[in-house]
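Trainee: Got a structure for you, written out below as structure tokens; questions coming shortly.
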Amino acid sequence: MIYHVSYISRSSNKMPKSALEGLAKQSSIKNQKFDITGMLVFDGFHFFQYLEGPKEDVEKLYASIEKDPRHASVTTLSEGEIE
């Protein structure tokens, strides 16, 4: 089974395009290592992300996102196992 989590959060500070591109590249490399896939949307103020992969790895990643100072008001939208 695959585990998923989706969340929204508010950016805690203004994020320039170059920083967002660096974050996306770094995250992609790290997520591939743990077989995590998903999607990240950023509108300049808010993040929406959907993640899926092995449960333990997705939970660890999400816990680190919740502690990341770039995120404020992290709100879980959905989580659980999918077939």
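Trainee: Under 13 Å from a label point 7 Å along Cα→Cβ of Ser12: give me every residue in the stretch 60-83 with its amide N that close.
Mentor: Output list for this probe position: 64-74.
Trainee: Where the Cα atoms of the chain are projected onto their three principal axes, how long is each span, largest first, in whole Å?
Mentor: 37, 25, 19
Trainee: Which net charge results when you count Lys and Arg as +1 and Asp and Glu as -1 among the other residues whose beta-carbon is under 11 Å from that of Glu52?
Mentor: Working: positive: Lys55; negative: Asp35, Asp57, Glu79, Glu81.
Around Glu52, the charge tally is -3.
Trainee: Using only Cα atoms and rounding to the nearest 10 degrees, what angle (0 to 90) does helix 55-67 make with the longest principal axis of the chain?
Mentor: Once rounded, one gets 20 degrees.
Trainee: Going by average Cβ density within 10 Å per residue, which order do the peptides 70-81, 43-54 take, highest to lowest?
Mentor: 43-54, 70-81
Trainee: Run lengths n ≥ 4 of DSSP H only: what is the helix-derived mean residue ellipticity at 222 nm for the chain, with -39500 (n - 2.57) per run over all residues, to the nearest 500? Write down the numbers at each step before the final one.
Mentor: Numbers: 2 runs with 30 residues, N = 83.
Calculated from helices alone, the mean residue ellipticity at 222 nm is -12000 deg cm²/dmol.
Trainee: How would Ser9, Ser18, Ser28 line up by accessible area, probe 1.4 Å, largest first?
Mentor: Numbers: Ser9 5, Ser18 85, Ser28 55 Å².
Ranking Ser9, Ser18, Ser28 by accessible area, largest first, yields Ser18, Ser28, Ser9.
Trainee: Excluding same-chain pairs closer than 8 in sequence, count the lysine pairs in the chain whose Cα atoms lie under 26 Å apart.
Mentor: 19
Trainee: Just to be sure I understand the model, the point goes 7 Å from the Cα along the line to the Cβ. What's the resulting Asp43 to Lys67 distance in nm?
Mentor: Placing both labels 7 Å beyond Cα along the Cβ direction yields 3.0 nm.
The values are calculated or read from the model by the stated rules, or taken from the named source; none is laboratory data. Since this is a predicted model, take the numbers as computed values, not measurements. Positions of Cβ are backbone-derived with ideal geometry, glycine not excepted, and every protein chain shown enters the neighbour counts. Side chains are part of the model used for accessible areas, which takes the heavy atoms of the whole protein and leaves out ligands, DNA and RNA. Shrake-Rupley method; radii C 1.70, N 1.55, O 1.52, S 1.80 Å.
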